[in-house]
Every structure is written in structure tokens, then in C-alpha cells.
Amino acid sequence: MALPFSHSIPSPVSLHPMPSHLAADAPAVPVLPRSTDHHHHKLVISGGGHLSGHVPISGSKNSALAVLAGALCCSGGAVEVRGVPDISDARAMVAILRSLGAQVQERGGGELAVDSTALSSAEPAADEVRKIRAGFFVLGPLVARLGEAAVALPGGCSIGARPVDLYLRGLSALGAVVELRHGKVHVKAANGRGLTGGRFHLDYPSVGASETLMMAASMAEGVSVLTNVAQEPEVADLARFLVACGAQIKGVGTRTLVIDGRRSLHGAQFTVIPDRIETGTFMVAAAITRSCVSLSPVIPCHLTIIIDKLSAVGCRISQKGDGILEVSAATATAGGDLRGLYLKTLPYPGFPTDLQPQFMALLTTCGGPSIVEESVFENRMHHVKELQKLGARIEVHGRSAFVKGRTTQRNVALSGSKVEAADLRGGAALVLAGMAARGVTEVVGVHHIDRGYENFEAKLLNLGADISREVIC
């Protein structure tokens, strides 16, 4: 379906949580009470209902974490970052920055002020780094600025190996000496002062390695050339942040970056882009419940492949204004029931691996067979076993899942059950499946979901979902 979307990217400091003409009419998202230990929470969903209304999209998790790490580059002044989602991963990153001596002020409304002009350590708190993959990103800024760093190996979801060799080989190409001992990576500038410009080709366009090396090269002495870098919008967003702070980076958004290092970077104000994965998740929520939902703010050109796939299954997607999309999967609007398809995850601009579990949940409710091929992570099928508990008919062979959809339009493919989230996106998929299932579904392991979705169940509740968060007794 051809849509008249603009492919221009708005200035990162011009984005707002919601367009002003919608803000007055949009209902407030209720904040549900939460205990401090999310490991003992569960989400209880009564499925079978429809959704309607508007979803306010939060700032990008993956962009915000990288930008917060990038604030360590700024010895010449404080950074104001807007659009930081209130999620546990962001809180872990704040703890990492504070463990290094950075001053972080939480101003509310998703705005943080980070002053890293006087760092006191080159070794972040290991416990916090092990909580999130992005904690490892601080390695680049630290060694470039301080000449040394010692960072614990990263944590995050157990969805694959995600080796750090690209990070380490890239830093070596920029004049670093790297040693791994006692579960930590120790890096020092070979010249005893700082990094130097160099050339490095990434064997795989890793987002984390691209971002870490970009930050390091921004303060290296001389010119660096990085090739086969990741093209994800979050990588380009980090580059725009660094440029706002005085970095000299050419080729933003392409596979090749040419970076002329600067001795120091200064402070700036910056707003992260909207979260395209959260956007995609709520688009799937509309589809799996056969509903009509609008979302904003969004950048449509970041969602091209997602729009294409949802259109292919039978959804109708339209742009209703600047940064506003409407997704309709109601049978009358879609012209019949949704249908299965073939899906393969790939680096951007291909289909994002972070939406594979949610789409698989959707495909279990579509008519006809589907094939889902996971080419990014070798272990991202944890959710299949849990979807099977809900009645999904899925067979996994290696990295491919064969999904047998519903046989008739009247047939309800899923039934409520107790399931457990093993990772962030798989957990979101189970919640979506629960909304489409007959009866009650209980999802435990909610702390995984809280890592990356701001007020997830509250936003669903605002759309009319029958969902509640409860403490596990």
C-alpha cells in the first residue's frame, strides 16, 4: 500500500511527547501503583476485547541509553536530555553514570541533566553494568577521555551471544591496548594519553559496537573511518547528539562514518527520537485485537518495513497528521480477516529483531500459515514455548518458526493460561497474545517488560484493555 509519508526526519530538539493539538484532548495515562521489586509482579489480562483511542509514544529506549552514555564525552559542560523513558534500563544507566562521578539531575517529564565535567572514576559499578547491555557503551567515552577504563562484561536479555569482540578490536584500531581479566575489560591508550584516529571495518553492523566506536572516535586525535556501521535510527540519533556537542561526524545514517576527533566536547540540549519498537508493539496490539488505534509522535520513515508487513497481513494504516499514524485491523475496515506471511529479521532497514516476538504472536491469530526466520540472534525463540501454552501452533526448526494460524475466521486461536516472560520483547508478545486469547492470562517475569516499556499496562488500560498489575503472593 503506498502511503504519502514524509521521509524527512524532524530536528531532534523539536519533538514533543505528543503533538500540541492532540495533547489537550488525549486522556491522561493512569499510573498504576508498583512495589519496588518488579520480580514479584504479574500482569493479569482478560482477553477477547477490542482497543480504541490514542497511544502517546515514549522516547526511544535504545537512543536514550546511548545518548546518556555519550554524555560522558562532554567535559565542557552539562547535557540536557529530553524524552528519556521512565524504565528500569534508564535508571540503571543513570546509576552507572553516577558511579563514575557524573552528576545526574532528574527534572521530571523525561528530562535529565547530566554533568560529567569532573569524573572521579574510570570503572563503573559492575552490578549496574551487568544489568543492561548498554552499560558496556561507556567503555568508548571513558578510554577516549581518560586514557583508560575497566568495565564489566555487559548484561541484558538472554537472547544470544552478542560478543564484544567488535568493540575491542575497534578500540584496538584506535590505539587502545585491551585485556580481559576477572570478568572485566581493561583498556588503556597505548600512548599513555588518549586514542588516535584509525580505520576499522565492522564484520557485522552491530549497533552497540557502532555507537561505542563512534563515541570513542569523536575524541580521538586525528581522523577515524568506520565502515559497515549500523544504520539503525538510534545510531544516527546518537551521531546527531554528538554533533550537537561539537563532534565532527560525516556520513550520519550511512554505512561509512568519517570522524575528525576533538579534544573535548561541550554540553547541549537534545531530545531523543520516538521509540519505533514501542510504536511497532502498539501497532501489533491494534492488529492482534482487530482494533483501531492512533499513535504519536512517530517518524514514519523509521517504520517503513513495519508498515509494509502490517499492510501485508491486511491492516489499514494511514497518516492522520504530522507524526500521527492510525492502525486499523477491524474486520469491516481491513476487508476480511488478517492473513499469514513470511518474515525474516535483518539489520535496519530490514525487519527489526526486537519486533519478531510480537509479530509471531500476531501471526498465531491470522488465517493460514506463516514462517518467521530469526537471522540476528541465535536464541530468540524463548517466547514460542509460552505461546504454545496459550494454544499457539508453532514448530521451531533451528532459527525458523513455522506458525499455523487459525483455520476459520470464527475460530479463536488462543486461550488464556499462566505464562512467563524470559526477556523484554518476548514478554510484550505474551501480553499481546493474552489480549487476543479467550479467558484470563497471567504473565510473570514482568520485570523484563519494565526494562523497556514506560507505563506499558497503563497505556493498554487507557485503550480499553482489561489488564492489571498484581503482586505475586
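The values are calculated or read from the model by the stated rules, or taken from the named source; none is laboratory data. Source: prediction; values computed, not measured. All Cβ positions, even for glycine, are placed from backbone atoms using ideal geometry, and neighbour counts span all protein chains on display. Areas reflect the complete protein model, heavy atoms only, side chains present, ligands, DNA and RNA absent. Shrake-Rupley method; radii C 1.70, N 1.55, O 1.52, S 1.80 Å.
Working from the Cα coordinates of segment 195-310, the gyration tensor eigenvalues give, after taking √(5λ), semi-axes of 34, 16, 9 Å in decreasing order.
My understanding is that a pair violates if its Cα-Cα distance is over 18 Å; which of K42/K459; K61/K344; K385/K459 do that in this structure? Check vs 18 Å cut-off fails for K61/K344; K385/K459.
Residues in segment 344-350 carry Karplus couplings, in order, of 10, 7, 8, x, 4, x, x Hz; the curve used is 6.51 cos²θ - 1.76 cosθ + 1.60 with θ = phi - 60°, and Gly or Pro positions show x.
Here, P(r) means the percent of Cα pairs in each 10 Å bin from 0 to the largest distance; for segment 373-414 it is 28, 48, 21, 4. The equivalent ellipsoid that matches the C-alpha gyration tensor of segment 339-429 spans semi-axes of 20, 16, 11 angstrom, in descending order. Farthest toward the positive end of the dipole of the chain, out of A329, G367, L97, is the Cα of G367, where the dipole comes from beta carbon charges about the Cα centre. Short-range pairs are left out: with C-alpha atoms under 8 Å and at least six residues apart, the relative contact order of the chain is 21 percent.
Distance from the alpha carbon centroid of segment 276-306 to that of segment 406-449 works out to 18 angstrom. A simple rule links phi to the HN-Hα coupling: the Karplus curve 6.51 cos²θ - 1.76 cosθ + 1.60 with θ = phi - 60°, which for segment 48-62 gives x, x, 10, 10, 7, x, 10, 10, x, 7, 7, x, 5, 4, 5 Hz, with x for Gly and Pro. Each principal axis of segment 61-271 carries a Cα extent, and these read 41, 36, 33 Å when sorted largest first.
Across segment 184-235 the C-alpha pair distances fall into 5 Å bins from zero in the proportions 5, 19, 26, 24, 17, 7, 1 percent.
How far apart, in nanometres, would the label points at K184 and S120 be if each is projected 7 angstrom from Cα along the Cα-to-Cβ direction? Reported label-point gap for K184 and S120 is 1.7 nm. Of all lysines in the structure, not one has an alpha carbon short of 22 Å from that of K188, not counting any fewer than 8 places away in one chain.
Under a 5 Å amide H cut-off, with hydrogens placed 1.01 Å from N, M219 pairs with R262 among residues at least 5 apart or on other chains.
Per residue, segment 40-174 exposes an accessible area of 32 Å² to a 1.4 Å probe, with every protein chain left in place.
The alpha-carbon positions of the chain define a convex hull whose volume is 130 Å³ per residue. May I ask you to list the residues of segment 229-247 whose amide nitrogen lies under 17 Å from a point 7 Å from Cα along the Cα→beta-carbon direction of H201? Label zone hits: 229-230. Net charge dipole, segment 61-271: roughly 300 debye, given to the nearest 20, about the Cα centre with Cβ charges of +1 for Lys and Arg and -1 for Asp and Glu. Under 5 Å between amide hydrogens, built in the peptide plane, is the criterion, and for L341 it picks out I371 among residues at least 5 positions away or on other chains.
Karplus-derived 3J(HN,Hα) values for segment 458-465, using 6.51 cos²θ - 1.76 cosθ + 1.60 with θ = phi - 60°, are 5, 5, 5, 4, 5, 8, x, 5 Hz; glycine and proline are entered as x. What percentage of the solvent-accessible surface of the chain, computed with a 1.4 Å probe over protein heavy atoms, is contributed by carbon and sulfur atoms? Exposed carbon and sulfur together represent 52 percent of the surface. Counted residue by residue at 0.36 nm each, then reduced by the alpha carbon distance between them, the extension gain from D466 to T304 reaches 55.3 nm. Here the gap between T256 and D322, fully extended at 0.36 nm per residue and compared with their Cα-Cα distance, gives a gain of 20.7 nm.
Entry note, segment 61-271: relative contact order of 21 percent, from Cα contacts under 8 Å with a spacing of 6+ residues. Counting only Cβ charges, +1 for Lys and Arg and -1 for Asp and Glu, the dipole size of the chain around its Cα centre is about 700 debye.
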